[in-house]
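Comments concern the structure below.
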Amino acid sequence: MKVELFDQWKGYKREDLQYFHLFGADLRTYYLGEAVHRKGGNVILSSVYYREINPYFLRLQNKILSKINHLYSSNKMGKKLSAVAKIILPNSKAEADYIQKAWGVSPEKIFVVPNGVDTKFKDANPDYFYSKYGIKDFLLGVGTLSHRKNYDLLARLAYDEKIPLVLIGELGNTEKSKTIYDYMQRCKHIIHIPHLNHDHDLLASAYAAAHSLVLPSDFETPGLVALEAGLAGSRIVITEVGGTKEYFGDYADYVKPRDYESLKRGVLSSLNKKKDENLKWHILNNFTWDHVASKTLEAYSRL
């Protein structure tokens, strides 16, 4: 199958739009999807839509907003886009269930296609990180450090339990980031590294050097950094909310978001387990981009 990245300046004919795959259901993608639909194209939608908000609240919100023509929200436009899509590809059963409840999407319209991970991380070597920072078997947090990831609780735990912690990502300027910064100033075993590009060798090496990648977020679907770290050999401690259990099964420790005691139990449980390659092989057998491409092609064939 020939795949072409959409060019907004190119004139497309109906026959060019047999499969038009959109990623994300919100204000940014709605008008493009609607235009393709009007032109007779088949819109395939990877919804990428999961929130901590009760989905039935979003359903009620849509009923209200549907009566107001010029008031928009990502939820309202996501629902409208789901209506014109021929097939919807959530990345987990949890996301599928969520959009069915929030938008009233028919189960027959849904085909779950998981997220994928770059197999290069299976060859990650811890030596580069160790030579630069002199530590290994630490806790690792990667991502936006001041948002819904709840790394302020992880920094508190590292401080209280005197556990080495490496945080990679921009701190930002919120109350949570200020809390993280305060813990960093009070001890030497919390190390902060600014944002690293996805292809940076130090990021892959950090995954391999860490004992456990910790992602205590409000929700994850499923957390790309956790897939990457798991493939590099790290153990995983991750939120129980979202589609995480569908990806990591019995190979991870699960925690409740914004719950310090739950996070403590999960982290200490993980640290008491030796690193092994069971999760690595689970990911290689189920969540590489080759697997994702095969499932996506299967979804296309259903049109």
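Quick check on packing: order 87-93, 212-218, 72-78, 294-300 by the mean number of other C-beta atoms within 10 Å, highest mean leading.
Highest-to-lowest ranking by the protection proxy: 212-218, 87-93, 72-78, 294-300.
If we count other beta carbons within 10 Å of each Cβ, what is the order of F129, F20, fewest first?
So the ranking, lowest neighbour count to highest, is F20, F129.
Could you tell me which trypsin sites (Lys or Arg not before Pro) in region 122-223 are loop residues by DSSP with no more than 12 other beta carbons within 10 angstrom of their beta carbon?
Passing sites in region 122-223 are K162, K188.
For the residue pair R38 and E298, what label-to-label distance in nm results when each label sits 7 Å from Cα along the Cα-to-beta-carbon direction?
A separation of 3.6 nm, rounded to one decimal place.
Using 0.36 nm per residue of separation minus the Cα-Cα distance, give me the extension gain between N173 and Y128 in nm, one decimal.
Answer, rounded to one decimal: 13.2 nm.
So what is the calculated 222 nm ellipticity per residue for the chain, using -39500 (n - 2.57) for each DSSP H run with n of 4 or more, over all residues, to the nearest 500 deg cm²/dmol?
Dividing the helical sum by the residues of the chain leaves -12500 deg cm²/dmol.
So, counting K/R as plus one and D/E as minus one, what does the shell of residues with Cβ under 13 Å around L140 add up to?
Within the 13 Å Cβ shell, the charges total +2.
Which FRET efficiency value, to the nearest 0.05, is calculated for H198 and R258 with the Förster distance at 22 angstrom and r the Cβ-Cβ distance?
After rounding, the FRET efficiency stands at 0.20.
Please work out the FRET efficiency for the pair L271 and Q18, using the Cβ-Cβ distance as r and a Förster radius of 51 Å; give the result to the nearest 0.05.
Once rounded, the FRET efficiency stands at 0.50.
Would you tally the net charge around K122, using a Cβ to Cβ cut-off of less than 12 Å, leaving K122 out, and scoring K and R as +1, D and E as -1?
Around K122, the surrounding residues sum to -2.
The numbers here are math on the coordinates, done by the rules we state, and not lab data. This structure is a prediction, so every number in the text was calculated from the model and none was measured. Neighbour counts are summed over all protein chains in view; Cβ atoms, including those assigned to glycine, are modelled from backbone coordinates with ideal geometry.
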